[in-house]
Every structure is written in C-alpha cells, then in structure tokens.
Amino acid sequence: MRRLATTLLISAGILAGCSAPAPKATAGAEALGTRLTTMDDLVDWIRDNAGDCADVSRRDPAELRTFVGPDIAARFQPHVSEWATCRVSPEFPVVGLFLFTGDEQRRFQESWHSAMTAGRIADGPAFAFGNGFAISAGFLGVGELGLYYFRCGSLDPRVHQVPADVAGCVFANPEHGHH
C-alpha cells in the first residue's frame with residue numbers, strides 16, 4: 001500500500017512538472033507582473049528594486065486625504081485595502097505604497113475613468129501601478145521600477161501600453177525599453 005501511495009505521489013509530481021505554464025496575461029493589471037498581495041511583499045519588492053524602503057509607516061485610511069488631497073483620496077480610498085509610506089532615497093523621502101485586494105484595482109480604474117468622463121478630474125493619476133498595488137512617486141515607479149501610469153482618453157501610440165481593465169484606458173510606460 002505504501003509503495004502504491006509513493007508511486008501515485010511521484011506520478012502526480014511528474015505530471016504537474018510537465019504541464020505547460022499558464023499563459024501570461026496581455027491586458028489588465030494582471031499583465032503588469034506578479035501580483036503583490038501584502039504590504040510586506042510590496043515593501044520587500046521596493047527594497048529589492050529601488051535599493052531601499054526605510055522607515056516604513058503603516059497609515060490609517062483617514063490620513064490618505066491629507067497625504068494626496070481630497071480629490072485623489074476620493075478616488076483611491078474606497079478601493080485601497082492598506083497603505084503605508086517609506087523613504088526610498090533623498091530624492092524620494094516619502095513614497096506612498098497602496099494595496100488593492102480582490103477586484104478593487106479594476107474598480108478603481110472604473111471610478112477614475114468615470115470621474116474623467118464626467119469632468120470631475122482632468123488627467124490620469126501621477127501614481128505608478130503594478131499588479132495589485134500603486135506607489136505615489138510616479139517617476140520613481142515608471143522611470144526606475146518599470147511600473148505604469150494609468151491613462152484614459154488620448155493616448156500616445158509611441159508609448160509602450162498595456163490595455164487596462166477598463167475600455168478606453170491603458171497602463172502606459174513612456175520609459176519602457178529605456179532602463
């Protein structure tokens with residue numbers, strides 16, 4: 001009986017190892033790389049890719065309005081599950097780190113697109129986006145970390161773009177290929 005169980009276990013492992021990798025997403029937030037789901041993962045990712053993320057301070061949702069202003073907070077707050085700040089460098093002394101859970105990143109995109117369509121805001125956020133998260137320092141995110149701006153409306157075809165989860169919007173990285 002033990003031999004049969006061992007044989008079945010090994011066979012299952014071999015079959016799992018031989019299966020083709022899941023296809024990579026080509027659109028939406030899933031196409032922006034590995035999904036980060038915890039603040040610790042996001043902090044570690046920033047440290048690994050930017051060199052530092054010191055003085056991490058987990059923030060209360062009520063502080064978001066003070067940090068980004070009322071208009072941007074109104075767009076982000078309902079969709080962000082957790083946020084913190086850290087110091088990346090003298091050039092980026094306070095960077096906001098924002099996590100989306102479940103389907104909230106798509107809902108954020110819908111909210112932002114709706115606000116643009118209604119004329120309540122004029123442009124995409126200056127934040128940089130990855131799969132499941134955003135950071136407030138757009139230039140750091142896009143220029144140095146390979147993240148993307150979220151843009152709707154008129155789009156520059158010369159800029160590397162990934163279709164967003166919302167029709168008429170994209171994730172754009174003008175620095176793509178310039179790292």
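Points worth noting:
- Pairing residues of region 68-91 that are open to solvent by less than 30 Å² (accessible area, probe 1.4 Å) with residues that are β-branched (Val, Ile, Thr) and not in a helix (DSSP H, G or I), at Cβ distances under 7 Å and at least 6 apart in sequence or on separate chains, gives Ala84/Val56; Thr85/Val94; Thr85/Val95; Cys86/Val56; Cys86/Val95; Val88/Val95.
- For region 6-16, the condition holds for no residue, the condition being that it is open to solvent by 70 Å² or more (accessible area, probe 1.4 Å), assigned to a helix (DSSP H, G or I), of a type in the set (Val, Ile, Thr) and at pLDDT 90 or above.
- Close Cβ contacts (under 7 Å, 6 or more residues apart or on different chains) running from residues in region 36-61 that are in a helix (DSSP H, G or I) to residues that are open to solvent by 70 Å² or more (accessible area, probe 1.4 Å) comprise Met39/Arg58; Ala50/Glu144; Pro61/Gln77.
- Taking the criterion of being farther than 15 Å from Ala74 by Cα, modelled with pLDDT under 95 and of a type in the set (Val, Ile, Thr), the only residue of region 109-141 that qualifies is Thr117.
- Qualifying positions in region 29-48 - open to solvent by 80 Å² or more (accessible area, probe 1.4 Å) and farther than 25 Å from Val166 by Cβ: Asp40, Arg47, Asp48
- Only listed residue being open to solvent by 70 Å² or more (accessible area, probe 1.4 Å), at pLDDT 95 or above and in contact with a strand residue (DSSP E or B) (Cβ under 9 Å, 6 or more places away or on another chain), chosen from Arg59, Arg106: Arg59
- When Ser136, Ser154 are checked against the criterion of being polar (S, T, N, Q) and closer than 17 Å to Val88 by Cα, Ser136 stands alone in meeting it.
- If you go through region 92-122 and pick out every residue that is free of Cβ contacts under 8 Å to residues at least 24 places away in the same chain, of a type outside the set (A, V, I, L, M) and within 17 Å of Val68 (Cβ to Cβ), you end up with 1.
The values are calculated or read from the model by the stated rules, or taken from the named source; none is laboratory data. Keep in mind that this is a model prediction, so the values were computed, not measured. Neighbour counts run over all protein chains shown; Cβ positions are idealised from the backbone, glycine included. Please note that ligands, DNA and RNA were not included when accessible areas were found on the heavy atoms of the full protein model with its side chains. Shrake-Rupley method; radii C 1.70, N 1.55, O 1.52, S 1.80 Å.
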